[in-house]
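Everything on this sheet refers to the single structure shown next.
No value in this document is a laboratory result; all are computed from the given coordinates. Note that the structure is predicted; figures quoted are calculated from it, not measured.
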């Protein structure tokens, strides 16, 4: 049952890995306060957090994960974001960016808010 409820999470995480780890050309400099790529990072990780919380809450295989879906989601997605940034640090066409990591964690918070509003408050 774990895989059934977390299939979308796994697919979404795979798409994030592909999008963030594929080699790219130079990105033009942006003079705006919040670059578009940071907003995209936040959105991608907000969706991942939401999907993970829902999947963990609905699955029946791991009781502790079902009872604390947010905690488990924060741990694995936070680690996932950090690993992606560390891999980018050793790639010639990518670079480690602390602001990307910050945007990923901002997405975690946004995803939690979405999960809380829909599943806890039943809005």
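Here are the numbers for this structure:
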item: Degrees separating the helix 2-21 axis from the principal Cα axis of the chain, which is the longest one; result: 10 degrees
item: Residue among 64, 42, 52 with the largest mean-square fluctuation in a Gaussian network model of the chain, springs linking Cα atoms under 10 Å; result: 64
item: In degrees, nearest ten, helix 36-58 long axis to first principal axis of the chain (Cα); result: 20 degrees
item: Helix 69-89 axis, angle to the chain major axis (alpha carbon atoms, nearest 10°); result: 20 degrees
item: Kirkwood Rh in Å, taken over all unlike Cα pairs in the chain; result: 15.1 Å
item: Helical contribution to [θ] at 222 nm, DSSP H n ≥ 4, -39,500 (n - 2.57), averaged over the chain, rounded to 500; result: -24000 deg cm²/dmol
item: Most mobile listed residue (77, 24, 47) in the chain, GNM with C-alpha springs under 10 Å; result: 24
